[in-house]
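For reference, the structure is listed below as structure tokens.
The values are calculated or read from the model by the stated rules, or taken from the named source; none is laboratory data. A quick note: this is a predicted structure, and the numbers were derived from the prediction, not measured. For neighbour counting, all protein chains shown are included, and Cβ atoms are generated from backbone atoms with ideal geometry for every residue, glycine included. Side chains included, ligands, DNA and RNA excluded: accessible areas come from the protein's heavy atoms. Shrake-Rupley method; radii C 1.70, N 1.55, O 1.52, S 1.80 Å.
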Amino acid sequence: MPERRTVALVTLGCARNEVDSEELAGRLAADGWDLVEDASDADVAVVNTCGFVEAAKKDSVDALLEANDLKDHGRTQAVVAVGCMAERYGKDLAEALPEADGVLGFDDYADISDRLQTILNGGIHASHTPRDRRKLLPISPAERQDAAVALPGHAQETPAPAPEDLPEGVAPVSGPRAPLRRRLGTSPVASVKLASGCDRRCSFCAIPSFRGSFISRRPSDVLQETRWLAEQGVKEVMLVSENNTSYGKDLGDIRLLETLLPELADVDGIERIRVSYLQPAEMRPGLIDVLTSTPKVAPYFDLSFQHSAPGVLRAMRRFGDTDRFLELLDTIRSKAPQAGARSNFIVGFPGETEADLAELERFLTGARLDAIGVFGYSDEEGTEALGYENKLDADVIAERLAHISQLAEELTSQRAEERVGETLQVLVESVESEDDGEVAIGRAAHQAPETDGQVVFTTREGLVPGRMVEAKAVGTEGVDLVAEHHELAEAAR
């Protein structure tokens, strides 16, 4: 009997990439590949790259080079790049990085098994020429659903094996739009892709050019995938896309998310639904109401503010200002005082003045955000801002980045202190060993995976990953909360 083929998936970047990796894992497992965690134990190492900003691209290149080193002293025979950086640069990346044995774009995902086998056999699969994926879909959102375009996480065009032919742990396909998927890990939290692409034209962002125009997944597909994840032991589902507030506009109902959320919350086994990637300019009263009042839906607002000075926002091709953003947060907290709110910001944007920076400080000081990400502006090819005048010197950007980052750290620590005394619903995610014993770690409704703080329990007694418990915040460690649990949340209901 021939030796089984083995593959390892190394995922960088955002939660959307994690979903894509699990789709690739499902496809490969369905075609007979064995998935392993450690790239050194794999015949092929597949690196799912990020192509968002320079730092992320550097991390992706480093990961590819590290995997390539395994070929000298491990089982690994081939290293393949997939993901956003591979899609964005295609053959240019292949030429610049000969250490990668293959560079595969989104169009290759449906045939990932054949592509890897070809490369493993010493063959060459020609890397694609990068193109603007926005041009692959109709301009009118209503005409996009039936377009034959590869959409990672949707898998709408590919026939799949019958459920009885699938290995254990691979999501069965019961419809033409449901993706194969296999979980890569045992976390009680999993992301589900709500849509792909973006129709916004922010002047600093290249994502739409390689992720394409906005297209929603059908509610039935999202529900089906959520039910399958619940059967796998998932307790919290996080809905991800480039812009969740646009969900449904291409399906004829811009308020479709408000209808879908209660249905997802009713899925047996699911304890919490979280929505990420919300655009402030597209927030509407009905969506705020559903997010703040629906049982099992986290009152969590991941709002993409980016800045608050009107002049900078206009140059970014965005909308709003400090006072309107503060009013939005006040509206949310009037409905759910404990609601979580987080955002990312860019400092040093072309033309940003000291007054603009002071305006951003005014917003941050008044916003009481639970988590703040701060990035210094960097030129990105293919963006409008690349051609802007009035670029700031690198040392000025670095100085402003350091200043706002320090302010953000102070403000988020203060916000954590404000939460001391609150009663929290905490999902236990892990039990970790420390010098003085084991400690249980979890997240409350205002804390998303990876990007926000966490809850550290004072005792691990009775706590196991996947349990939702009621706890009281009794202290802080920076942005993290220290909490005492007193009873299981399900027993309290």
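Key figures
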{"quantity": "Point-to-point label distance, residue 187-residue 284, nm (Cα→Cβ direction, 7 Å offset)", "calculated": "3.1"}
{"quantity": "Length-normalised contact order for the range 1-126 - Cα pairs under 8 Å, 6+ apart - percent", "calculated": "23"}
{"quantity": "Shape box of the chain [Cα atoms, principal axes, largest first, Å]", "calculated": "62, 60, 52"}
{"quantity": "Surface share of carbon and sulfur [accessible, 1.4 angstrom probe, percent] for the range 233-384", "calculated": "51"}
{"quantity": "Karplus 3J(HN,Hα) series, Hz, for the range 54-61 with 6.51 cos²θ - 1.76 cosθ + 1.60 (x for Gly, Pro)", "calculated": "4, 4, 5, 5, 5, 4, 5, 5"}
{"quantity": "Cα convex hull volume per residue for the range 245-297 (Å³)", "calculated": "77"}
{"quantity": "Semi-axis lengths (Å, descending) of the ellipsoid that matches the C-alpha gyration tensor of the range 346-446", "calculated": "36, 17, 13"}
{"quantity": "Farthest positive-ward along the range 349-396 dipole, Cα basis, beta-carbon charges - from 364, 353, 388", "calculated": "364"}
{"quantity": "Lone cysteines, the chain (no partner Cβ under 4.7 Å)", "calculated": "14, 50, 84, 198"}
{"quantity": "Within-12-Å neighbourhood charge of residue 74 [Cβ basis; K, R +1; D, E -1]", "calculated": "-4"}
{"quantity": "Length gained when the stretch residue 220-residue 430 is fully extended (0.36 nm per residue, less Cα-Cα span)", "calculated": "72.5 nm"}
{"quantity": "Positive-end residue, the chain charge dipole about Cα centroid, Cβ charges, pick of 7, 28, 214", "calculated": "214"}
{"quantity": "Dipole magnitude (debye, nearest 20) for the range 204-275, charges at Cβ of Lys, Arg, Asp, Glu", "calculated": "260"}
{"quantity": "Rounded accessible area per residue of the chain, 1.4 Å, Å²", "calculated": "42"}
{"quantity": "Accessible area (Å², 1.4 Å probe, nearest 10) - residue 401", "calculated": "50"}
{"quantity": "Amide hydrogen neighbours beyond the local backbone of residue 305, cut-off 5 Å, H modeled", "calculated": "344"}
{"quantity": "Listed residue pairs exceeding 23 Å between alpha carbons, taken from 335/472; 296/335; 91/391; 135/249; 71/193; 58/135", "calculated": "91/391; 71/193; 58/135"}
{"quantity": "Cα-centred dipole magnitude for the chain, charges only on beta-carbon of K, R (+1) and D, E (-1), debye, nearest 20", "calculated": "1700"}
{"quantity": "Sum of side-chain charges, residue 448 neighbourhood, beta-carbon under 14 Å (Lys, Arg +1; Asp, Glu -1)", "calculated": "-3"}
{"quantity": "Given charges at Cβ of Lys, Arg, Asp, Glu: the chain dipole, positive-most of 150, 232, 428", "calculated": "150"}
{"quantity": "Quotient of Cα Rg and 2.2 N^0.38 Å for the range 1-63, N being how many residues it contains", "calculated": "1.21"}
{"quantity": "Gained length - residue 201 relative to residue 381, 0.36 nm times residue gap less alpha-carbon distance", "calculated": "63.4 nm"}
{"quantity": "Dipole magnitude (debye, nearest 20) for the range 295-377, charges at Cβ of Lys, Arg, Asp, Glu", "calculated": "420"}
{"quantity": "Computed helical MRE - 222 nm, the chain, DSSP H runs ≥ 4 contributing -39500 (n - 2.57), nearest 500", "calculated": "-10000 deg cm²/dmol"}
{"quantity": "For residue 483, residues with placed amide H under 5 Å, excluding near neighbours", "calculated": "456, 457, 458, 474"}
{"quantity": "Integer Hz, Karplus 6.51/-1.76/1.60 couplings in order for the range 135-146, x for Gly and Pro", "calculated": "7, 7, 10, x, 5, 6, x, 5, 9, 8, 4, 9"}
{"quantity": "nm² value of the averaged projected area, convex hull over the Cα atoms of the range 261-329", "calculated": "4.8"}
{"quantity": "Compactness of the range 300-360 as Cα Rg over 2.2 N^0.38 Å, two decimals", "calculated": "1.18"}
{"quantity": "Cut-off 12 Å between beta-carbons: net charge of the residues surrounding residue 262, Lys and Arg +1, Asp and Glu -1", "calculated": "-3"}
{"quantity": "Restricting the range 17-116 to trypsin sites (Lys or Arg not before Pro) in coil, as DSSP defines it, with at most 12 other Cβ within 10 Å", "calculated": "none"}
{"quantity": "Full-stretch length increase - residue 140, residue 54 - with 0.36 nm per residue and alpha-carbon distance subtracted", "calculated": "27.7 nm"}
{"quantity": "Point-to-point label distance, residue 121-residue 388, nm (Cα→Cβ direction, 7 Å offset)", "calculated": "5.0"}
